[in-house]
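The values are calculated or read from the model by the stated rules, or taken from the named source; none is laboratory data. Remember, predicted model here, so these are calculated numbers, not experimental data. Methodologically, a virtual Cβ is constructed for each residue, glycine included, from the backbone with ideal geometry; neighbour enumeration extends over all protein chains shown. These area figures cover heavy atoms from the full protein model, side chains too; ligands, DNA and RNA do not enter into them. Shrake-Rupley method; radii C 1.70, N 1.55, O 1.52, S 1.80 Å.
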Amino acid sequence: MGRSRQSSQVAAVSEPAEERAELTALAKQAAHFTPPEIDLAARVVYFPVRHHSPACAWHVDRLIRELKPAAVLIEAPRDATPLIPLLVSEQTQMPVAVYATYVKREKDLPPERHAAYYPLCDFSPELAAIKAGLAVAATVSFVDLTFPEKIAARALGGDDLEPDDEPKKSGPTSLQDEGWLSHSRLLKAACIRTGARDPDDLWDHLYEVDYHTLDTATFMRNVLTYCALARHDHSQQALIADGTIAREQAMAAGVAAHPQGRVVVVTGGFHTVALAKTTAALPKPMKIAPDDHQVVLMRYTFEQLDRLNGYASGMPSPEFYQRSWADQGNNAAERSASQLLVEIARQCRKKNLGTSTADAIAAVAHAHRLADLRGHVIPSREDVLDGVRSLFIKGTDDAEGVAVLAIARKLLAGDRIGNVPPDAGQPPIVHDFRNQAAALKLKIDKLEETTATLDIYRKVAHRETSRLFYRLAFLEVPFATFVRGPDFVAGANLERIQEVWKYHWAPQTESTLIERSLYGSTVEEAASSVLLERFSAATATGQASPAAVATSLILHACRMGLHEHTQDLLGKVNELLAHDSSFPSLAQALENLLVLQVSREPLEAHHLHGLTELATAAYRRGCFLLPSLVSTASEEEATMLDALNSFLQGVRTLGDNPDPLQLRCEGLRGLLNSTGGSSALRGGAAGLLYADGQLPAEDLVQHLRGHLLSSRDEGVDGPNFLRGLLKTARNVIWQTPECLACLQTVVHDWDESRFVKMLPLLRLALADLTPRETDQVGKQVAVMPGADNLQAAYLPDVDAGEMLRAVEVNRLIKESLARDGLEAWLE
């Protein structure tokens, strides 16, 4: 498999001793593997590639121009073949991607939505094959399964998939998946044997650093050996299950369709291993509605292409390979590595990370010496990164090196954005967006940010603009940013009548819209589909806070003007309320329903019926759960106290009468009189009962005193009860003198050690008081021991921690003097 680099570095593959021994044995076994023969004189030549490999791209181009075949067949969706002229257009700027979507519909089931990318960049072997094939007048076409056929092939074998191998439907995938590289145990063994950090480093070491010096047949044989070893880990059953065999049969059918003339077949090396012996077969035609499947060309970015950001195919750090590809010949690749190191050093200096010009010079020399030591004709990506690690990091990689390596990886990844020619066409959703923007007089032909002030109460056009902005935001399309105004979903600033937005068009606006075309052909349709999908997920069995999420989505729907669905969705809320066991969720649902009720005008929610009844149902369910809040965990107490306050505010909006009041008071009394559990929630219940006039001051004081004198949990019950009390009725601390007197008396009787221990908890309990309220309480406390006025010490340079340490030092000094019989000195 190529030269060894055991002397160059310690492998980063960290495995347990037994597994490492097993991998070492595998490596020795693989050493006896017989490399496949490559016959460039054959009628059909199968070229194995790794996606986005400059080495493979260079040799593919060289081979096709030498053989001048009649046909060049490439692994890509068959129905994307009409896009080939666009890929080689002078107006196309790489990177771009073929984007495929498929909506699978079955009767009585929600639609399954699938999407995938087929990215291409300047150094993609597939693009090199296209350009070289067209240059020699060959027929160039794609021969893989279409995207719907690939989904169907995986579905047929889905029962045999391991859990980690199941198709993911949460977002777009890659049509060039190379997971076999990272999961191959034989390649892990090869990493150990060669000292490579990972399969990416292994690939670079074996193929990317000297490909110019090898003849094409030797290069192809080396790549095919690498891929054959990787395929050795996969059973036939697994390959059937993940659709690999069906894909290879389709590609073999594409080859069989060219029985005459020379043919070059360019596929991922994993497929090339088996393709020559694969039986040709195409799947049965699928009946798919035109709107349920599309294949379009869209702009792409290096950030999306970077494998370190999660892209499962091809090479990491695309900018590194872009530069080496663009700068071939005359030692330009070596200069590219040096320039990257100089740029990394410059960025580190801007961030004050301690990197000097001398460090940059040393790093360049270090990277080139490492390349020589490892037998690299040109520095590899890891050679460059080792130069960074050795010279730019003044400490450990996981501490001081984090910021430096982040800069290095960002520069190596690059920030290039591709472009597609105007005649590439656009999905209907992009046309819909542009038409709406034109009708609403939005400025989308410039990159500068524009401010839009919208009078959503009085101007219909402004309300439509707001709805478009909200739909795009809901779809996560980067275009408009909400600045201020009424937020009906959060229930904030509802008194305002204008919204202020900032918006500007960016290349990502249209590319993200193309991605969202999976959900519909218009912005409204896509937003509706996403809304219904999220509502279905939120209301599925076992989901957390279903009532809160569902009612929030109804608010979203009204805000986006998607009123067609709101009444149906509202009809499902009653059942959610009846089964929701989360008090915060019910409090939020109550608030959301009441916002819908009081904001009917701007939300145009006049058609919604049953809001008051649903709000009452949420209220009753919440009252039923009140006694159980005593079991709240300490880390959730703050959230629960906020929910109690929100619940009471909702009741006031709903309108109180003796029956609801009695229901609430019964629940709160059950919580207050409970034993054990959260004393903070008991304090919250006491505050609400007192505010409702259902708990006399003397009873409130009795509860407070009992908790302050409690020794449970080392006495924390008292401060926690006070915290809950002040969270729901903080005015009691200055408006009810008995409470303050109780607190003063109990705290006065604490010894110093207990006071020091309880002080942080008392400060937390009083933390919500405003400065004015704090002064008011302080004055009342000062009067109790007979002081005429409050003279608070103001020490701006001393924080709370220092004050507590000073108190502790004072205690230790007192104890020391007492042991020596010198306590009189303190008088």
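Protection proxy ranking of 537-549, 59-71, by the mean of other Cβ atoms within 10 Å over each peptide's residues and highest first, is 59-71, 537-549. Couplings 3J(HN,Hα) for the range 425-437, derived from phi with the Karplus relation 6.51 cos²θ - 1.76 cosθ + 1.60 (θ = phi - 60°), are x, 9, x, x, 5, 6, 4, 4, 4, 5, 5, 5, 4 Hz, where x marks Gly and Pro.
Other residues whose C-beta falls under 15 angstrom from the C-beta of Val72 contribute a net charge of +2, scoring Lys and Arg +1 and Asp and Glu -1. As an equivalent ellipsoid, the range 517-649 spans semi-axes of 28, 17, 12 angstrom, where each value is the square root of five times an eigenvalue of the C-alpha gyration tensor, largest first. How many angstrom separate the Cα center of the range 630-703 from the Cα center of the range 381-459? What the calculation gives is 49 Å, centre to centre.
Working note: Karplus 6.51/-1.76/1.60 with θ = phi - 60° gives the range 217-234 the couplings 4, 5, 4, 4, 5, 5, 5, 5, 5, 4, 6, 5, 5, 5, 6, 4, 7, 10 Hz, where Gly and Pro are set to x. Each Lys and Arg adds +1 at its Cβ and each Asp and Glu adds -1 at its Cβ; summed about the Cα centre, the chain shows a dipole of about 1800 debye.
On average, how much accessible surface per residue is there in the range 606-646, in Å², for a 1.4 Å probe, leaving out ligands, DNA and RNA?
Values: 1920 Å² over 41 residues.
I get 47 Å² per residue for the range 606-646.
Ranked from highest to lowest mean number of other Cβ atoms within 10 Å per residue, what is the order of the peptides 101-112, 254-265?
On the way: 101-112: 13.3, 254-265: 17.5.
Peptide ranking by packing, descending: 254-265, 101-112.
Express the carbon and sulfur contribution to the solvent-accessible surface of the chain as a percent, rounded to the nearest whole number, probe 1.4 angstrom. Each step should come with its number before you reach the end.
Details: 19920 of 38390 Å².
The C+S portion of the solvent-accessible surface of the chain is 52 percent.
Show me the ranking of peptides 205-215, 239-249 by mean Cβ neighbours inside 10 Å, starting with the highest. Spell out each step's value before the answer.
Numbers: 205-215: 18.6, 239-249: 21.3.
Ranking, from highest mean packing down: 239-249, 205-215.
Sorted from longest to shortest, the spans of the Cα atoms of the range 241-395 along the three principal axes equal 65, 38, 30 Å. For the range 192-305, the solvent-accessible area works out to 40 Å² per residue, with a probe of 1.4 Å and every protein chain left in place.
The antiparallel fraction among DSSP beta bridges confined to the chain stands at about 65%. Summing +1 for each Lys or Arg and -1 for each Asp or Glu among the other residues whose beta-carbon sits under 12 angstrom from that of Ser679 gives 0.
Counting Cα-Cα pairs of the range 605-755 in 10 Å increments starting at 0 gives whole-percent bin shares of 11, 40, 31, 12, 4, 1, 0.
Applying the Kirkwood pairwise sum to the alpha-carbon positions of the range 35-113 produces a hydrodynamic radius of 16.3 angstrom.
Across the chain, counting alpha-carbon atoms alone, Rg and Dmax equal 34.7, 113 Å. In this structure, the pairs whose alpha-carbon distance is over 26 Å, taken from Lys572/Lys727; Lys727/Lys779; Lys68/Lys277, are Lys572/Lys727.
All C-alpha pair distances within the range 665-725, sorted into 5 Å bins from zero, spread as 4, 21, 34, 26, 10, 3, 0 percent across the bins. The residues of the range 649-724 expose on average 42 square angstrom of accessible surface per residue, using a 1.4 Å probe on protein heavy atoms. Helix 507-516 and the longest principal axis of the Cα set of the chain meet at an angle near 90°.
Cross-link partners of Lys287 among lysines, defined as those whose alpha carbon lies under 16 angstrom from its own and excluding same-chain residues fewer than eight positions apart: Lys104, Lys107, Lys150. Using θ = phi - 60° in the Karplus curve 6.51 cos²θ - 1.76 cosθ + 1.60, the 3J(HN,Hα) couplings for the range 560-575 round to 8, x, 9, 6, 4, 9, 5, 5, 5, 5, 4, x, 8, 6, 4, 5 Hz; x is entered for Gly and Pro.
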